[in-house]
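The structure under discussion appears below in the form of structure tokens.
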């Protein structure tokens, strides 16, 4: 029961990002799921829609619609005790130039999530095999040209 504002980049003209990296599709969705505004293409634009906080508060006060009463956030406490993504992977002023630069952090995060049992590997694979699987997929993407490494 909230508003969702989804902001996405429009077209990006950098050599190291693929053309489909920033497809646009920004949107504003209200607290009952109605899509108020959507920008269905990757170009610079401004979206605007009314945000009626009082209507949201009124909606939350109705017990028949109040999903917060049923929320069990405590079941996620253990999962988020430690950070998921490694901190300080990229020094200030040296952002990743492409998705390949982000792979090591993703690998560490996935190793932790599979290792502690938060994620379950696909049938026939073990948690220890998942890093190697990611490396194979990245190597294949580099070989076929779907992921840049420079």
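Throughout, read-outs are computed from the coordinates displayed, never taken from laboratory work. All figures in this text were calculated on a predicted structure; none of them were measured in a lab. When we count neighbours, we look across all protein chains shown, and the Cβ atoms used for this are built from the backbone with ideal geometry, even at glycine.
Express the relative contact order of segment 72-150 as a whole percentage, based on alpha carbon pairs under 8 Å and six or more residues apart in sequence. If you can, show how the numbers build up before the last one.
Values: 49 pairs, mean separation 24.2, N = 79.
Relative contact order, segment 72-150: 31 percent.
Note the full-extension length gain between residue 131 and residue 32 as 0.36 nm times their separation in residues minus their Cα-Cα distance, in nm to one decimal.
So the chain would gain 31.7 nm between residue 131 and residue 32.
Please report, largest first and rounded to whole Å, the three semi-axes of the ellipsoid equivalent to segment 72-150, where each semi-axis is the square root of five times an eigenvalue of the C-alpha gyration tensor. Before the final figure, lay out the partial values.
Details: eigenvalues 130, 78, 15 Å².
Equivalent-ellipsoid dimensions as semi-axes: 25, 20, 9 Å.
Using the beta-carbon distance between residue 56 and residue 113 and R0 = 35 Å, what value does 1/(1 + (r/R0)^6) give for FRET efficiency, to the nearest 0.05?
The calculated FRET efficiency here is 0.60.
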